[in-house]
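Okay, so here's the structure we're looking at.
The values are calculated or read from the model by the stated rules, or taken from the named source; none is laboratory data. Remember, it's a predicted structure, so these values are computed and weren't measured experimentally. Note: ideal-geometry Cβ built from the backbone for every residue, glycine included; neighbour counts use all protein chains shown. These area figures cover heavy atoms from the full protein model, side chains too; ligands, DNA and RNA do not enter into them. Shrake-Rupley method; radii C 1.70, N 1.55, O 1.52, S 1.80 Å.
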Amino acid sequence: QNGGINADGVGGGIGLMTGADGYQVQENWVCGNFSVGSGAGVGHLGFSDNGLIEDNTIIFNESFSQASAESGGGIYVGGQPGLQPTDGYLVSPGTGSVTIDANLIRGNLAGAGDGGGIRLENVNGADVVASLGNSGPWSDILVFNNMVTNNVAGLAGGGVSIENTVSAYF
């Protein structure tokens, strides 16, 4: 029953921000959290490479704001908006690579947004622009062995929603 009251922040239960490289969120019970930002259960915002969200129970969390569409009731992984042009384009720096493995993601709500269970947004950007012909250095999101059930989204993707992400594997 934790909460986040900053619409620009993430993570009512657990918040991970830029620079948290190599984080490991493992074997936690993330239940009943609320956020007016995205990622009511677990929120990853910005570039943090080699993250791991594994073997957690992420249930009954809610992201909601009447003023904006906040997403990711259970898990949110998103890149910050681009601030400086990269090769002439204003793109997100991305998220870094993240693995989401063996979690129970159930009964979460993105009340006015996308991705009741999992929301992936702006995962790629500057990495793709920097190496258009070579996907090797792109950030990857690996999502496997999860049970994603009974989640609800106010807009789209009750279970999973993906936007501006070219390198996600399920």
Looking at segment 49-62, is at least one residue in a strand (DSSP E or B), open to solvent by less than 10 Å² (accessible area, probe 1.4 Å), among the charged types (D, E, K, R) and in contact (Cβ under 8 Å) with a residue 24 or more places away in the chain? no
Taking segment 1-14 only, how many residues are surrounded by fewer than 24 Cβ atoms within 10 Å (Cβ to Cβ), modelled with pLDDT under 95 and not charged (D, E, K, R)? 8
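Pick out, from segment 88-164, the strands (runs of 3 or more DSSP E) lying fully within it that include 2 or more residues that are in contact (Cβ under 8 Å) with a residue 24 or more places away in the chain and open to solvent by 30 Å² or more (accessible area, probe 1.4 Å).
104-106, 141-144, 147-149, 160-163
Considering only segment 18-35, how many residues are part of a loop (DSSP other than H, G, I, E, B) and surrounded by 21 or more Cβ atoms within 10 Å (Cβ to Cβ)?
Restricting attention to segment 18-35, the residues satisfying the condition of being part of a loop (DSSP other than H, G, I, E, B) are 18-23, 27-28, 32-33.
Retained after the next criterion (residues that are surrounded by 21 or more Cβ atoms within 10 Å (Cβ to Cβ)): 33.
Residues meeting the conditions: 1.
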Only unsatisfied item for Gln80, checking (1) crowded, with 20+ Cβ neighbours inside 10 Å; (2) touching a residue at least 60 places away in the same chain (Cβ under 8 Å); (3) within 17 Å of Gly96 (Cβ to Cβ), is (1)
Check off (1) modelled with pLDDT under 95; (2) crowded, with 21+ Cβ neighbours inside 10 Å; (3) farther than 30 Å from Val129 by Cα; (4) among the hydrophobic types (A, V, I, L, M, F, W, C) for Ala40 and give me the number that stays unchecked. (1)
